Each structure stands twice: as structure tokens, then as C-alpha cells.
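Report on one structure; see the data block that follows.
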Amino acid sequence: MARLALLIHGMWGTPAVWANWRQFLEGRGWHVEAPALRHHDAPPLEPPAALGTTSLTDYVDDLSATIARLPESPVIIGHSMGGLIALLLCARGLGRAGVLLTPAPPSSVFAVRPSNALAFQRIQMNWGWWRKPHRPTTREALAYSFNTMNAAEATPLCDSFVHESGRALLEIAFPWLDGAKAARLAPGKIAMPLLLVGGERDKLVPPGVVERTARRVGGDFKRYPSQGHWVLGQPGWQDIATDVLAWLEARR
């Protein structure tokens, strides 16, 4: 398997969230591409007007074009919403393998749990949220995205979060309301190897949801007892990255 990785950030993220994983992979001979999703290159507090109605399908189409320009087929690694995007790309037959880190699920896996419902409660109490950009408060981000991290270390990460699409949130959280079915997987088996990673303390995508997604798509599943959602940089992320690399190397 070629040593080329496409890293896809998640909701509210930018390519900067991959700093640890980029350094880890490049230090072991990998070439890394980590593009920004559409409209995610804006300042944190200045969302583009078009962001609110941007669909998961827009993200997938953009990244499909990115992959077409690469010199060879990459390993696709996605986190959170980026994990679902990675899965949708793999379902299109793109990539050599997929690694889905605490991924949002496809529409066939019911994802709503008390913890993630609370995480988005304030956002979804704002009428028209499904067509507006949204961003968590620092308190919300610390409680749900960074609940296993020291607050002093996590707060700069909260501050760096940009806005996300209300449309994409609806497509993930309430796929039955999405007429376009953006989070639906096409019928048929996904051909390439898939690894799905869940964190026992994840409040946004609980490990049971990740495990059900793994069963749905026929992927390997690994659960980490002390991990929350932020497997990109919380304590213990290096162990996960090492395990992911070993899984990939075994499939070269």
C-alpha cells in the first residue's frame, strides 16, 4: 500500500487539527495531504454566508476531485464528520483503505444519544439552524469534544474552531429529514479495508455507534477505554496512531 494519506478534518475543524498526526505520519515516511473542507478556511468568527447550506455531498464531491488530482490512490483518514466523509468516499471506490476515527455514522446507523443531543441542544434551539452556520461555545467544546483533556490545553483548540454547516448537521443528526439522503451509503460492499476507532468516553459519537457502523460496513473495529472524541491530540493519541499505522502496514 502506498504511503500517501489524505486527512479529512471534522465539524468545526481546519487542517490544523491534524498537526500531531501529520508529524507522526511524515516522520515515518508518509506523504500527507490535509485539505480544508469548503468554507472552512475563514476566520473562526466570520463564517461565509454560503456555509450554512453546504451539504455533506459538497464536501464529498470536492474531495473526490482532490483525490483525482493526486499521483496515486491514497489511504483516507477522517475524524468525526470527516470519518463519515471518508466512508462516503470509500463507498465511491476512492482510496486504498479507510481509517475512520470516532466517525459520525451513515444514515443507516441511528446516532442520537442523550450526550450528543445535549451537545447540540443550544444550536438546535435556534430556529432555522439547519440552514445557518453554527459553532460551539468554549464550554460546550470542553464538555463534549475535549472532555478527556486538560482545559488549559484544550481551550486554544476550542478558540481555533470555525463555523460548520447547519445543513451538514441535519444530514448527520436527522437523516430521515434529508430528502437528498446525503449520509446514505449506496448498496453493495465497500471493497477496500476499513478500520473504525471508537473511544469509550466519547460523548459525541459513543463507541457503540461506531461499532454498529463497523458492522454495517464490514470494517475492523477497535475500542479505546480511556479515550474521548479528540483522538487527534488528547493523551494517548500516539498509541492510536501507532495502532493505525500497524494496521495499514499489515495491508501493504
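Residue by residue through segment 162-184, note down the ones that are touching a Lys or Arg at 6+ places or on another chain (Cβ under 6 Å) and not in a helix (DSSP H, G or I). If the condition is that a residue be touching a Lys or Arg at 6+ places or on another chain (Cβ under 6 Å) and not in a helix (DSSP H, G or I), then His163 is the only one that fits. Residue check: Gln238 meets all listed conditions (1) over 17 Å from Gly78 (Cβ atoms); (2) touching a His at 6+ places or on another chain (Cβ under 6 Å) but one, namely (2).
One residue is enough: does segment 238-248 have a residue meeting the conditions in contact (Cβ under 8 Å) with a residue 60 or more places away in the chain, part of a loop (DSSP other than H, G, I, E, B) and not hydrophobic (A, V, I, L, M, F, W, C)? No: segment 238-248 contains no residue that is in contact (Cβ under 8 Å) with a residue 60 or more places away in the chain, part of a loop (DSSP other than H, G, I, E, B) and not hydrophobic (A, V, I, L, M, F, W, C).
Entry remark, segment 121-134: residues being part of a loop (DSSP other than H, G, I, E, B), out of contact with any His (no Cβ under 7 Å at 6 or more places or on another chain) and surrounded by 15 or more Cβ atoms within 10 Å (Cβ to Cβ) number 1 in total. Out of Pro193, Pro187, Pro207, one residue alone is over 30 Å from Trp129 (Cβ atoms) and touching a Lys or Arg at 6+ places or on another chain (Cβ under 6 Å). It is Pro193.
Contact map, segment 72-99: first residue among the polar types (S, T, N, Q), second residue at pLDDT 95 or above and part of a helix (DSSP H, G or I), Cβ cut-off under 9 Å, separation 6 or more or different chains; pairs are Ser73/Ile67.
Any chance segment 100-120 includes a residue that's of a type in the set (Lys, Arg) and outside any helix (DSSP H, G or I)?
Yes, because at least one residue in segment 100-120 is of a type in the set (Lys, Arg) and outside any helix (DSSP H, G or I).
The values are calculated or read from the model by the stated rules, or taken from the named source; none is laboratory data. Quick caveat: nothing in here was measured; it's all calculated off a predicted structure. FYI the Cβ positions are ideal-geometry reconstructions off the backbone, even for glycines, and counts take in every protein chain you see.
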